[in-house]
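The values are calculated or read from the model by the stated rules, or taken from the named source; none is laboratory data. Since the structure is predicted, the reported quantities are computational estimates derived from the model, not experimental observations. Note: ideal-geometry Cβ built from the backbone for every residue, glycine included; neighbour counts use all protein chains shown. All accessible areas refer to the heavy atoms of the entire protein, side chains included, with ligands and DNA or RNA removed. Shrake-Rupley method; radii C 1.70, N 1.55, O 1.52, S 1.80 Å.
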Amino acid sequence: MLSTPSTSHVPYERVYEPAEDSFLLLDTLSSSSETAFLSQRFPSTPAQGPSSPAPLILEIGIGSGVVLAFLTAHAQALFARRDILTLGIDINRFACVATAQTVAKARPQSGSSGAGYFLGTAQGDLTSAVRPGQVDVLVFNPPYVPTAELPSLPPRLLGGDTDDKVTREKKTTYKEDSTLLALSYAGGRDGMEITERLIAALPDILSNRGVAYLLLCAQNKPDEVKGRIRGMKGGGPWRAETVGTSGKQAGWEKLQIVRIWRE
Amino acid sequence: MKVLTLNFLSCAVKSCKSSSDSFPLHPKDAELVSDDVELNQQLLVNLLPRIDWNALRTTSTELGFPQLPEQPPTAEELQADAKMLKDLHTLLMETQINEGKLVCGHCGHEYAVREGIANFLLPSHLV
């Protein structure tokens, strides 16, 4: 059992608190079938021929950073190599700050020998600032709850000079905090509006050997989503398989992790 | 963020994606800090095949580091060159951009970096 990174320093009034979905990602990524898949996909031991290039791991929507810190701290256990690079992106600057701390706290715990390399975090809209064809493992725990509307980032928190003051002094209003949290869960129609944008970017963003882990809930209509992914253009054929589930209700999986890759 | 990150980012403006000038972003007024990271030779060797060397040379020069050779070393050359290992390690793994701006060479948009975190969110007229 690999240790779960501590997130006790994270301001949960404006950053998503680790919940069942976060822990399902940890369980799935550390399952024996996924660690076997990943170490085969990104081979590093001489017995398998020359090492493959150092993998780049990108998490979108890092929140507290619990998943990214887990992947960084336990690189050797998860990927059978420690020359992995990890990078996190979130629309919420407070999540970027919190994640940097979560990774820093988690890294020494596991003993430096098994940990990977953390590049940092950046504030951004999904993968818009990511150079095409570079991401080897993409992890996304999206805003998946069906909602009537999509929230937008409070203007003061978008950036520019006031952003600096607001975020440094942590003087957000209650309303701004509520919107930051809403951004972490509100997914619009079928809870899929943000996820659809990410899926559409995958052919561009993933490297040829790239793999994405996407969390879906039952209301997202996961079977239809997987079907659409399998029909995507841009290399391929594309595969989409459920590799982790939790929260069985009357035979339905409440949450699932879909692994997406090119054959 | 580590300097190496610049090898994996480009301008967030959609119409810039097709331009080669949108990568790498150019640091401006960059305040650098240095972390102590133990040198991992295997990491550097396995980074070589995935780094855009020309972009890295540009970044390195713009940040005031010694000019990198025109061609990347081969894995064997790098393993035998303690100075090159150390230089690349310092540049890629130890150096962080803490404050400053990242500028797109195509549209000129400046992305602020504060306390090590770059902000790639765009004002609504650029989205």
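Using a probe of 1.4 angstrom, how much of the accessible area of chain B is carbon and sulfur, in percent?
49 percent
Please list 3J(HN,Hα) in residue order for region A:32-41, calculated via the Karplus relation 6.51 cos²θ - 1.76 cosθ + 1.60 where θ = phi - 60°; whole Hz, with x for glycine and proline.
5, 5, 6, 5, 5, 4, 5, 6, 7, 5
Using θ = phi - 60° and the Karplus form 6.51 cos²θ - 1.76 cosθ + 1.60, what ³J(HN,Hα) does each residue of region A:98-103 get, whole Hz, x for Gly and Pro?
Rounded to whole hertz, the list is 4, 5, 4, 5, 4, 5.
Could you work out the mean projected area of the convex hull around the alpha carbons of chain B, in square nanometres to one decimal?
That works out to 7.8 nm².
Which far-off residues, 5 or more places away or on another chain, put their amide H under 5 Å from the one on A:THR147, with H placed in the peptide plane?
Counting only residues 5 or more places away or on other chains, the set is A:GLY187, A:GLY188, A:ARG189, A:ASP190, A:GLY191.
Between region A:1-75 and region B:2-73, what is the separation of their alpha carbon centroids in Å?
Centre-to-centre (Cα) distance: 24 Å.
Charges only on Cβ, +1 for Lys and Arg, -1 for Asp and Glu: so what's the dipole of chain B about the Cα centre, in debye to the nearest 20?
500 debye
Scan chain B and hand back the longest stretch that contains none of the GluC sites (Glu not before Pro) lying in DSSP loops with at most 11 other Cβ atoms within 10 Å.
B:71-127
In Å, what Kirkwood hydrodynamic radius results for the protein assembly as shown from the alpha-carbon pair distances?
Kirkwood radius, the protein assembly as shown: 21.3 Å.
Would you work out the Kirkwood radius for region A:60-157? I mean one over the mean of 1/r across all pairs of different Cα atoms, in Å.
14.3 Å
Could you check the spin-label model distance between A:ARG228 and A:TYR185? Points 7 Å from the Cα along Cα→Cβ, value in nm.
2.3 nm
Treat every Asp and Glu Cβ in chain A as -1 and every Lys and Arg Cβ as +1, leave all other atoms uncharged, and give the resulting dipole magnitude about the Cα centre to the nearest 20 debye.
For this selection, approximately 440 debye.
With an 8 Å cut-off on Cα pairs and a minimum separation of 6 or more residues, tell me the relative contact order of region B:3-126 in percent.
Contact order relative to length: 36 percent.
Using DSSP to call loops (not H, G, I, E or B), can you name the trypsin sites (Lys or Arg not before Pro) in region A:190-263 whose Cβ has at most 11 other Cβ atoms within 10 angstrom?
A:LYS233
Would you mind giving the total buried accessible surface between chains A and B, with a 1.4 Å probe and ligands, DNA and RNA left out, rounded to the nearest 100 Å²?
Separately minus together, A and B give about 3000 Å² buried.
Any lysines with Cα under 26 Å of the B:LYS83 Cα? List them, leaving off those in the same chain fewer than 8 positions away.
In chain and number order, the partners are B:LYS2.
With a 1.4 Å probe and every protein chain left in place, work out the accessible area per residue of the protein assembly as shown in Å², rounded to a whole number.
42 Å²
Show the residues, 5+ positions off or on another chain, whose built amide H is closer than 5 Å to the amide H of A:VAL130.
Here B:SER10 satisfy the definition.
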